[in-house]
1. How about segment 148-194: which of its residues are surrounded by fewer than 13 Cβ atoms within 10 Å (Cβ to Cβ) and not in a helix (DSSP H, G or I)?
2. Which residue pairs have Cβ atoms closer than 7 Å, lie 6 or more positions apart in sequence or on different chains, and pair a first residue in segment 139-166 that is in contact (Cβ under 8 Å) with a residue 24 or more places away in the chain and under 20 Å from Asp190 (Cα atoms) with a second residue that is acidic (Asp, Glu) and surrounded by fewer than 21 Cβ atoms within 10 Å (Cβ to Cβ)?
3. Specify the residue that is surrounded by the most Cβ atoms within 10 Å (Cβ to Cβ); the eligible residues are those in segment 63-89 that are polar (S, T, N, Q) and assigned to a loop (DSSP other than H, G, I, E, B).
4. Which pairs turn up if I take residues in segment 36-64 that are more than 17 Å from Thr104 (Cβ to Cβ) and look for partners that are among the small types (Gly, Ala, Ser) and part of a helix (DSSP H, G or I) with beta carbon separation below 6 Å, at least 6 apart in sequence or on another chain?
5. Consider Tyr133 carefully, then state whether it is within 12 Å of Ile165 (Cα to Cα) and either touching a Ser or Thr at 6+ places or on another chain (Cβ under 9 Å) or of a type in the set (A, V, I, L, M, F, W, C) (or both).
6. Can you pull out every residue in segment 22-52 that is over 24 Å from Thr88 (Cα atoms), at pLDDT 90 or above and not in a loop (DSSP other than H, G, I, E, B)?
7. So which residues in segment 93-118 are under 14 Å from the mean Cα position of the chain (by Cα) and either surrounded by fewer than 20 Cβ atoms within 10 Å (Cβ to Cβ) or within 18 Å of Tyr148 (Cα to Cα) (or both), if there are any at all?
8. Any residue at all in segment 54-62 that is part of a loop (DSSP other than H, G, I, E, B), farther than 22 Å from Phe154 by Cα and of a type in the set (A, V, I, L, M, F, W, C)?
Amino acid sequence: MKLQMMGNWKIVNDEHTSNDLKLYGSGEYDEIDSPIRLFVAGLHGNEWRDTSEFLLNMTPPKNGTLAVIPIVDNGEYVSTLDNRYYTTVGSRIIDAVESLHPDTYVELHSYSRNNLSKLTNEDRINKTGVPAYIELEDGVLLGSVPSYIRLKCFPMDALCLSFEIQKDSLRSKYFAAKMLDIVKNCVSRDDFVKYLENRFPLQAKMAIGNYNRFYGL
């Protein structure tokens with residue numbers, strides 16, 4: 001097992017860890033064609049039961065580096081839409097972002113079927129400041145990360161995604177795993193948008209519209 005320090009982080013290259021940050025890939029941070037991706041799961045409450053396994057079973061990307069935090073916090077549920085989240089239990093995410101400067105950032109969440117309408121409601125941006133989620137396939141939803149971390153930590157051209165996985169659905173989990181493999185090999189935001197436009201043209205149009213509304217474009 002290899003250990004190294006990056007900022008306040010202990011980087012652990014070991015398949016058995018779940019709470020520390022793990023690196024896959026080249027570890028080269030200064031090459032244009034070697035992007036850095038950061039995937040996080042288990043952000044609050046017991047969501048780790050539905051999401052963390054994905055990050056514990058990742059394989060290296062085709063290029064660049066993938067960093068994962070399988071479990072950010074499995075304690076009391078604090079909404080990521082509450083700005084206090086990223087200054088308390090979610091401060092570990094901010095530390096990782098400031099250390100790694102990722103080009104791509106992905107949060108994995110899970111939801112119950114009876115909450116689907118709340119997540120996909122078109123008026124969600126007015127209520128929460130975050131655009132509505134868009135259903136891709138098999139109950140997997142695609143959306144934006146909370147405005148606090150999006151605006152504070154990332155430039156406009158960064159790829160920042162939030163995936164919601166339907167609880168107790170093997171089909172949802174299977175499709176989510178495929179999407180994570182797609183994202184981990186994208187070298188830029190435009191690369192992912194091109195994939196989305198080819199595979200899910202309607203959802204891509206909605207996502208681009210949400211992005212433009214979020215930034216007032």
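1. Pro155, Met156, Asp157, Asp168
2. Leu141/Glu135
3. At the first step, the residues of segment 63-89 found to be polar (S, T, N, Q) are 63, 65, 74, 79-80, 83, 87-88.
Still in the running and assigned to a loop (DSSP other than H, G, I, E, B): 63, 74, 79-80, 88.
Values: Asn63: 14, Asn74: 18, Ser79: 13, Thr80: 21, Thr88: 13.
Per the stated criteria, the residue is Thr80.
4. Correct list of pairs: Gly42/Ser52.
5. Details: within 12 Å of Ile165 (Cα to Cα): yes; either touching a Ser or Thr at 6+ places or on another chain (Cβ under 9 Å) or of a type in the set (A, V, I, L, M, F, W, C) (or both): yes.
Here the answer is yes, as Tyr133 does meet what is asked.
6. Hit for segment 22-52 is Ile36, nothing else.
7. The initial filter retains those residues of segment 93-118 that are under 14 Å from the mean Cα position of the chain (by Cα), namely 93-94, 96-97, 102-110.
Of everything in segment 93-118, those that are under 14 Å from the mean Cα position of the chain (by Cα) and either surrounded by fewer than 20 Cβ atoms within 10 Å (Cβ to Cβ) or within 18 Å of Tyr148 (Cα to Cα) (or both) turn out to be Ile93, Ile94, Ala96, Val97, Pro102, Asp103, Thr104, Tyr105, Val106, Glu107, Leu108, His109.
8. Narrowing segment 54-62 to residues part of a loop (DSSP other than H, G, I, E, B): 57-62.
Now drop any that are not farther than 22 Å from Phe154 by Cα, which leaves 57-60, 62.
If we keep only those that are of a type in the set (A, V, I, L, M, F, W, C) too, we end up with 58.
Yes, because at least one residue in segment 54-62 is part of a loop (DSSP other than H, G, I, E, B), farther than 22 Å from Phe154 by Cα and of a type in the set (A, V, I, L, M, F, W, C).
The values are calculated or read from the model by the stated rules, or taken from the named source; none is laboratory data. Bear in mind the structure is a predicted one, so any value in this text is a computation, not a measurement. Note: ideal-geometry Cβ built from the backbone for every residue, glycine included; neighbour counts use all protein chains shown.
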